[in-house]
Structure formats: C-alpha cells, structure tokens
Amino acid sequence: MLSVIVPFHNVEKYVGECLESIARQTLGDIEVICVDDGSTDGSAAVAAAMCAVDDRFRLVRQHNMGPGMARNVGVRLATRRYLAFVDGDDVVPRVAFAKMVASLESTGSDMACGNAKRLIGGRLKASWAHKDAFRVQRKRTHITRHPLLIRDRMVWNKVFRRSFWDELRLAFPDRMYEDHPVTMAAHVRAGSVDVLREVVYHWRQRDEAESSITQRKLEPDNLRDRLLSVCDASRILRGGAPRLAAAFDTDTLDVDMHVVAEAVAHHGDALPPDIVDLAVSYLDQVPLSGWLGLPFARRLLVHLLHTRQLDTLAKVFGEVESGAMQPLMRRAGPGRRWIAEHSRMPDHLAPLSGDLALTSRLLRLDWHEGRLHGEGRVSIGRFDAGAVGQVKLTIWLMERKSGARISLGHGTAFPTWSEIAWEDGSTALESGYHFAFALDPAALASHGPGHWELHVELRRPGLHLTGKIGGPRWAPPATPVPVRLRQLWLVPVRTFRGSWGIRLSRSNAVVRECHVHDDRLVISGELGRRGDGEPVLRLIRRHDAEEIYFPVAVGGKAFTARVAFAEIDDSKHEEACWNLVLDQGKVVSLVVETAARPEVEVRGRRFLVDRNEEGGLMIREMGAS
C-alpha cells in the first residue's frame, strides 16, 4: 500500500524515535526504506536494529550525497502504490499515514497533505508554514483554489500517488532545500490535492550546535541552495500557475529574502557576492504588487538588498530588530492613503496598508475609591505619529460571546514620545497616544458570568483603527485583585497573549494567601460548599495538559495546599506554565484575593506565581537562572 522513505545522516539521538513512530502506525501495510546517507555515528546501527525486529523495514547504505540523492535512492527501491517521506530526526503521529492514504483512496486525488507542528524541547508548537493552509479540511482542491498552499513546500507531510510521481518524473536535486521545487511542481501539476486539518507530522527543532538544515539558515552554502530552490519554484509557478506568482513573491520576500538580509547583517563583507547576485536576480522579476504585500520594515530591508546598499542594510536591520526604527507616517494626498518616510525608501514602495494596526498597552491598572482605573498608551504600529496629529480615542468593554458593550469613555489626544519598559527590563522610546479610563463595577451588576475584553478605537479623517488593549504578557502592571459584585466575582484578567479584560465568574474557592516556605508554595483560603470527593490541587501544564497532583488539607471551610517546586516536571529549561485548580469531585477554579506574586529559585530553576487568564493561580517556570 505505502512506501515510506527515511533518509538520515548522523541523527543517532533521534532516529530510533522516528522509526518507532513509523512502526506504530495504524496503517500496517507499509514498507520502510531507510537510507543511511554516510552517517559516521551510530544512526545506521539503530536502523539495523529496527530492521532485525520488523521485516517491513530495510536498510540501504551509501556515501554522503545529501538528502535529495538519498530520497531518490529510496524512490527507486519503493514498490508500493503510494509514497511518503520522513526525515530521520522527526516523528510521525500514529494515524497520519492511515488518514492520508484513506483520503486518497476515497477521492482519487494525486496527493494528500496534512498539518504539521514544530517539536521543540519535547513541546509541540504550531508551524508558521502550515497553520493557516491546514486550518480547514479541503478534499479534491488545488493550489490555484487554495493559494495558502504556496507555503507548503516540504515533502514530509504528504502522501503521493506513485503513478502521479512517475508520470511527472519527479526527482530531488542535489542540494539542500531539495524538496521545495519538487513539492511546488507536484502542487501545480496535480489534478487535485486533499488537504487534511489533522496534524500528520512533528517537525523537530534540534538542540545541538551541529543541527538541521533549517537551523543553519545563515551559512553561505545553505543560503545559496535556498535561493536556488526559490528560483526553481518561482519558474515552476510562473510557468504552470502564473496567477499565484504575486502571492509566492510576497511570501518569498517576507521569509527567504529577510533571511538573506539577516545574513548580510551577520556576515558583512564575508558573505560571498554570488549569494547577493542570486537574490537580486530573483528580485529583478518581482512586480510592485509583490513588494506592497510586505510590512514596511521588511520591504525596506529587501529594497536595500535589491539595490545592493549592503552597509545601510546592516545598519537598518539592527534598528528594526531593536525596535529603534520608527519612521514618520504621513498622509499622501486625499483619501485614506498613508505612507512612511525613510531616506532610502522611494515613494512608490512607501505606502502603508497592513502596517496600520494599533499596538496598545496598559501602564497602570488598580483600584481607587471603588473604581478600576487604568492608563496606557496606543501607537500605530512602529511609526512616528507626529504627522497624524490629533485623534479621538474611545475605550470600551465588549463581552466576548454576546457582543454587549459598556463604554468607558472617549476624548481627544495628541501624539507624544514616551519611554516604554519591556519584559526584559530594557526601555525604548515610542511614539503614541495616552489614554485613561475608569470602570464602576455597578456598570456590570446586571450581567451574568462572562468575559469582557478591553478595546480601543483611534479615529481621525482618513484613519480609523480598532484593537484590543494588551501588551507584553509579563511586563507590568500586575493584575489587580478581584472584588465581589453581588453573587459574582469581578476579576481583572490578562490572557496568555497579553490582552486585558474582566471576568464575571462564580467560584467555590477563594485564595486568601499564597507565599513560599521551604521551597514550597503555600496556598490557603476558603471553600464554599464541600464536594463529594477528597479535595486535591491539580497543576495542569498549559501546552500539553500534563498533570501533577498535590494534597489539600481541609478544616471546616478553610483549606491549605503545599506545592513542592522540585516535584514540578522539568521543562528542559523551556518556559512552561501550570494552571492550578482545586478538584473535589469536580473542578473548582480558584479566585485569588491576595495581590502576592512570589518568585523563587529552586535547584537552578526559576518560578513565578502569577494569575492566569481566568483570574486563578498559575506557576510560570522561566527557565534556568
């Protein structure tokens, strides 16, 4: 039914897990061709051990010729109706091949592809290249009808019909990024493609210095091969699907050309000139529409690359990365057309569109005389708003589900510069507008449980922008304590992405105090009604729902729990967050009355106790000290 080709080179640390994930597939009718591409470590021995216990696996060995040549060897040896490819350091979810093959069997499409996630330090994260294209399932579609597939340039999240592969005479070139032109040709020339929303591949980010191709992106040989594959893919699209060329160009300028700009800043004069020549030859063919889809800062960097202003590019790259570049935005004639000014940017490349979005943050939020008072700043992207001038600002709360609104005030404001603090303790000057508001809890008294989000609107002739009020998640201010509102709690909250709001909620458990003693978090408070079960405190890790349990002592309505920080699973020095809930037969979310936010270091691991997006307790591990 399915031939799975696994090329590998010096991945002894990972190849066992990779092959085991293939062996465990629910699709049993498979052959697995492992191609050792000249490994000098124990990778081949690991593969040979799998072959010895599972006759579906076979091992082929060759001198180091690169992953493309290794894949071609595997294809020549494959005998089944379908083809799939897996890199030797990655992992395949158990039902992946069954899902894709079943889809092709039912639709007759030439290729099936599915969602992928990055595997980073044992944690799964969304893959930027796949999350949008695979958000919705689409059977018997095509890249011309689903242009987001332009970013789907990897070969490993797919199953190909072998007859289709042979008909197109597909083969991998002898270089890195070898799968991009092959995949693009398959997408363009397929009769139809099945797009599955299920995750079918875990794409590993390796943690050693001598790492994978995609992690060595600034190396000259890597860059050269990347650009050659970009040029090949561009020719395929322009020849077979010219309507997609503009979208491909915008994506390439945003991603690949930005990497070249970063390499110029990193290497300086040491970057081989033929790499710049390759980039410029590609950029020569990109029409204006491809440029204007880029954010202004990246557009400027790519323009400096295209015009070979390399010294200026290196300087501007540093300014963009640090947030120091804030060009003046101004009106360009009548209507809603705005441009940004920079001495090296020609006017025809200066229009702003997608850049015109609000960035807001709260600087103060606290209770005063029974009202919740807030102050903050709102800016228009990373632009100097001096020429925008006076605007009208409106602040309001909106309930997430019903859309009900409560006005918190409006007024006029003028742009000013202010020094803003970041999460890492650094500060930067920022152009923007000051706002303030006050919430009387009585305005929410007639409403039931719900989540109210804080919004801001900026308006002036030719400019109308709205957005949520947020800011960097771990930057000040701290979340204020909740207050009682009749039968509910009014809880100021902050989402994991940093957006502020108010939750109206019921709770059967209130935390009165939390502090650290003997490397333990001590939580004490009061229960409302006792449940049917013996109460326990559950720590639930946010990214994977891993759970840890700690006992709860109860006397009357009072409860106390102690969390030993040393017993919290080590997150391999990646940041991790654990939500705390009380379980007494059913889950009880905690309302936290204390303002305490204790920090502690235990055995070289740093922890912060904070509020989660529901107003309860959360433990954040911040990595090694």
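The values are calculated or read from the model by the stated rules, or taken from the named source; none is laboratory data. A quick note: this is a predicted structure, and the numbers were derived from the prediction, not measured. Cβ sites come from the backbone with ideal geometry, for glycine too, and all protein chains shown count toward neighbours. We work out accessible area using only protein heavy atoms, side chains counted, and drop any ligands, DNA or RNA first. Shrake-Rupley method; radii C 1.70, N 1.55, O 1.52, S 1.80 Å.
A few points about this structure:
- All positions within segment 324-345 that are open to solvent by less than 50 Å² (accessible area, probe 1.4 Å) and without any contact (Cβ under 8 Å) to a residue 24 or more places away in the chain: Ala332, Gly333, Ile339
- Looking only at segment 485-497, and only at residues there that are within 34 Å of the chain's Cα centre (by Cα) and touching a residue at least 40 places away in the same chain (Cβ under 8 Å), the one that is most open to solvent (accessible area, probe 1.4 Å): Phe496
- Residues of segment 129-149 satisfying the condition of being open to solvent by less than 80 Å² (accessible area, probe 1.4 Å) and free of Cβ contacts under 8 Å to residues at least 40 places away in the same chain: Ala129, His130, Asp132
- Arg140 passes every criterion in (1) touching a Ser or Thr at 6+ places or on another chain (Cβ under 8 Å); (2) closer than 24 Å to Val73 by Cα apart from (2).
- Against the conditions (1) open to solvent by less than 10 Å² (accessible area, probe 1.4 Å); (2) over 26 Å from the mean Cα position of the chain (by Cα), Val73 satisfies every one except (1).
- Strands (runs of 3 or more DSSP E) fully within segment 319-371 counting 3 or more residues that are of a type outside the set (S, T, N, Q) and within 27 Å of Ala436 (Cβ to Cβ): 358-368
- Qualifying residue in segment 407-414 (condition: hydroxyl-bearing (Ser, Thr, Tyr), assigned to a strand (DSSP E or B) and over 16 Å from Gly374 (Cβ atoms)): yes
- The set of residues in segment 1-36 being out of contact with any Asp or Glu (no Cβ under 7 Å at 6 or more places or on another chain), modelled with pLDDT of 95 or more and small (Gly, Ala, Ser) consists of Gly16, Ser21.
- Every residue from segment 76-109 that is open to solvent by 10 Å² or more (accessible area, probe 1.4 Å) and under 30 Å from the mean Cα position of the chain (by Cα): Asp87, Asp89, Val91, Pro93, Arg94, Val95, Ala98, Lys99, Ala102
Residue-by-condition table, conditions (1) part of a helix (DSSP H, G or I); (2) farther than 30 Å from His146 by Cβ:
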site: Leu237; (1), (2): yes, no
site: Thr252; (1), (2): yes, no
site: His258; (1), (2): yes, no
site: His266; (1), (2): yes, yes
site: Asp277; (1), (2): yes, yes
site: Trp291; (1), (2): yes, no
site: Ala297; (1), (2): yes, no
site: Val302; (1), (2): yes, no
site: Arg308; (1), (2): no, yes
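- Entry remark, segment 441-461: residues being open to solvent by less than 60 Å² (accessible area, probe 1.4 Å) and either within 31 Å of the chain's Cα centre (by Cα) or not basic (Lys, Arg) (or both) number 14 in total.
- Cβ-Cβ under 8 Å pairs, at least 6 apart or on other chains, segment 583-607 side farther than 15 Å from Phe565 by Cβ, far side at pLDDT 90 or above and open to solvent by 60 Å² or more (accessible area, probe 1.4 Å): Glu593/Arg512; Thr594/Arg512; Thr594/Glu513; Ala596/Glu513; Ala596/His515
- Complete set of residues in segment 8-33 that are touching a Phe, Trp or Tyr at 6+ places or on another chain (Cβ under 9 Å) and either in a loop (DSSP other than H, G, I, E, B) or over 23 Å from Lys99 (Cβ atoms) (or both): Phe8, Tyr14, Val15, Gln25, Thr26, Leu27
- Verdict on Ser431 being open to solvent by less than 20 Å² (accessible area, probe 1.4 Å), over 26 Å from Ala595 (Cβ atoms), modelled with pLDDT of 95 or more and part of a strand (DSSP E or B): yes
- Within segment 251-267, residues that are open to solvent by 30 Å² or more (accessible area, probe 1.4 Å) have Cβ atoms under 7 Å from residues that are in a helix (DSSP H, G or I) in these pairs: Asp254/Arg298; Glu262/Phe317; Ala265/Leu313; Ala265/Ala314; Ala265/Phe317; Ala265/Gly318, counting only partners at least 6 apart in sequence or on another chain.
- Cβ pairs under 7 Å, 6+ apart, first in segment 404-423 and under 30 Å from Ser446 (Cα atoms), second open to solvent by less than 90 Å² (accessible area, probe 1.4 Å) and polar (S, T, N, Q): His410/Thr394
- The strands (runs of 3 or more DSSP E) falling completely within segment 88-192 that include 2 or more residues that are among the hydrophobic types (A, V, I, L, M, F, W, C) map to 111-120, 123-126, 158-161.
- Glu534 being in contact with a Phe, Trp or Tyr (Cβ under 9 Å, 6 or more places away or on another chain), on the phi < 0 side of the Ramachandran plot and of a type in the set (D, E, K, R): no
- Taken over segment 299-323, the residue count meeting the criterion of being touching a Leu at 6+ places or on another chain (Cβ under 7 Å) and either open to solvent by 50 Å² or more (accessible area, probe 1.4 Å) or of a type outside the set (Val, Ile, Thr) (or both) is 8.
- Note on segment 223-245: residues that are closer than 15 Å to Pro287 by Cα and crowded, with 19+ Cβ neighbours inside 10 Å total 4.
- Near pairs, Cβ below 7 angstrom, 6+ apart or cross-chain, from segment 1-23 (surrounded by fewer than 17 Cβ atoms within 10 Å (Cβ to Cβ)) to any residue that is acidic (Asp, Glu): Met1/Asp29; Ala23/Asp54
- Residue check for Thr183: under 26 Å from Ala241 (Cβ atoms) and surrounded by 18 or more Cβ atoms within 10 Å (Cβ to Cβ): yes
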